[in-house]
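Taking it in order: structure first as structure tokens, then the write-up.
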Amino acid sequence: MASLTDKKQIVLVLVIVITCIIGYQFYVTRPQLIVENNNNNNHQQNNNNNHHQNNNHNNNNNENTLAPIKTNTELDANVQKLLELQKQLSVQIEFLNLKVSEQEKLLNVANQVMKRSLPKPTLPPLDQVGDKERDEAIQTRIQKTKQNIPNTCIPTTNGSLACMPNFIIIGTMKSGTTFLDFYLQMHPRLAKHKIKEVWFFNSHYYKGLEWYAKNFEQPTSFENQRVISEATPFYVNHPYTPTRMYAALKDVKLVLMLRDPVERCLSQYHFSLKWIERNKAPKLKPEHTFENLIYEEAEVIQTCVRGNSEYNSKYAQFNKDKEEGVIDMNREWNETNPFTKKHNDKGWNFYEQCSSCDKCFQTGSILHTSGHPTFGMLAKSLYYEQIEYWLNFYPLSQIHIIRYEDLTSRPEGVIRDVEQFLGLEEFNGYGDFVPKNVVSHDDMDPKIREFLVDYFREPNEKLYKLLGRDFGWAR
């Protein structure tokens, strides 16, 4: 505010300067007119005097003409210069007035944001309700505020708001995320976004929250905001996304879509072929068939992820046995973690870089950072391990899980459940529900299907137990 006052004072000083300049113009020109009138009067009087007096007067006049009296031409030039200076000062004043006006507008926006952020009393004072009703009354107030201010917002340097999503569809790939996002964007309470998949928390995190907010339609005030959302299905399998997201959006609601892992694997493979063709990316080699990639990835996971887990369990048990005296205290541990070893001897093809395990599975778990559409068909389908990790940051009450098969069989019912989870009013303008981003493909070979059903049987059972819900996938 101090800088704005200083600028106003500068404008005031300039106005005073211009006033002085105009006054000075009159001061310079008026005395010259008086001198000219006096000279004319003296000349007439001298004509009536004697010849001797006329000669003296003429001598005096000759002396007077030697005085530095300015001519009209010189005065006009000076006045013209002063007028030009006045015009330049007027331009500067207009520029400063514009700057002051811009500053005042920014301050007004900031003041409006601050005023609108103040809670308005819409319910009876808490001292007018009983002890039992007080907690319920407080929760009612909070829920009303959350409805009016659903998004996390931060102020920006230009006096506006940068608001981020109220809910995010975090996964999984090829499980109906495009379908759900497409229809939810029709809801009048949802803000529009530029793209479905922003990839902020996994790939563009370094660009900052203001960059992230620019991908969404922004509110003009805290009150009556539209709900902001995005859908990046690679978030759920990324090892660093939950930490980053929790640091910025602790209260964000998460939507997770799960599909029968056997079918999801095949769908991802055929989608990746189309993606590679559409984006003119390097094509898969002829030997990179669906079957070969599945068997190869299974070996990579067994070596790098399961091997790492087994090693850590054995090492923990070794130390425990030493402490309990089961084994000699002087006994040394002589095994090597397969996660830290080189596996060039495996002859992996598509997963060749995984000969150094940390190149594929950075933290030693099933989570991975790769954004290649073909990578991790099995890893992305091991839902239990991904959800278990996310539960270090968000409770299940904050995660709405959708079974893909329900979305295909009763889409309207699934949409209604999502509306309820997000606190949105029912919307009846979605129209006909048409599948999105579907890639047709041949049926799966029975042999590889049998392998996958067996591979996912135990992880699926762990998932059902964790969520208290049987998804009814192939056993």
*Could you give the length gained on full extension between His441 and Lys192, defined as 0.36 nm per residue of separation minus the Cα-Cα distance, in nm?*
86.4 nm
*Could you list the chymotrypsin sites (Phe, Trp or Tyr not before Pro) in segment 272-370 that lie in coil according to DSSP, counting only those with at most 16 other Cβ atoms within 10 Å of their Cβ?*
Trp333
*Taking H as built 1.01 Å from N, whose amide H comes closer than 5 Å to the amide H of Ile401, not counting residues under 5 places away?*
Leu256
*Beta carbons within 10 angstrom, averaged per residue: use that to sort the peptides 383-392, 278-287, highest first.*
383-392, 278-287
_FRET efficiency estimate (nearest 0.05) - Cβ-Cβ, Tyr240 to Leu466, R0 22 angstrom_ = 0.45
*Could you pull out which residues in segment 308-328 have an amide N less than 19 Å from a spot 7 Å beyond the Cα of Thr340, following the Cα-Cβ vector?*
308-320
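Could you calculate the contour length gain from Asp328 to Asp251, that is, 0.36 nm times the residue separation minus the distance between their Cα atoms, to one decimal place in nm?
Values: separation 77, 0.36 × 77 = 27.72 nm, distance 5.03 nm.
Extra length from Asp328 to Asp251 when fully extended: 22.7 nm.
Kindly state, to the nearest 0.05, the FRET efficiency for Lys285 paired with Asp417, given R0 = 35 Å and r defined as their beta-carbon distance.
Values: r = 43 Å, r/R0 = 1.23.
After rounding to 0.05, the efficiency reads 0.25.
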*Show the residues, 5+ positions off or on another chain, whose built amide H is closer than 5 Å to the amide H of Met444.*
none
*Hey, can you grab everything whose amide H is under 5 Å from the amide H of Ser356? Only 5+ residues off in sequence or another chain; H modelled, so Pro and N-termini drop out.*
His343
_Derived scalar couplings ³J(HN,Hα) [segment 366-376; Karplus, 6.51 cos²θ - 1.76 cosθ + 1.60; whole Hz; x for Gly, Pro]_ = 6, 5, 8, 9, 4, x, 5, x, 8, 5, x
*How large is ³J(HN,Hα) for each residue in segment 210-222, as worked out from phi by the Karplus curve 6.51 cos²θ - 1.76 cosθ + 1.60 (θ = phi - 60°), to whole Hz, x for Gly and Pro?*
5, 4, 4, 5, 5, 7, 10, 4, 9, x, 9, 7, 6
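Based on the Cβ-Cβ distance from Phe451 to Glu426, what FRET efficiency comes out when R0 is 45 Å, to the nearest 0.05? Display every interim value, and only then the final one.
Details: r = 44 Å, r/R0 = 0.97.
For R0 = 45 Å, the calculated efficiency reads 0.55.
Quick note: the coordinates plus some simple rules give every number you see, no bench work behind them. This one's a predicted model, so the numbers in the text were calculated from it and none came from an experiment. All Cβ positions, even for glycine, are placed from backbone atoms using ideal geometry, and neighbour counts span all protein chains on display.
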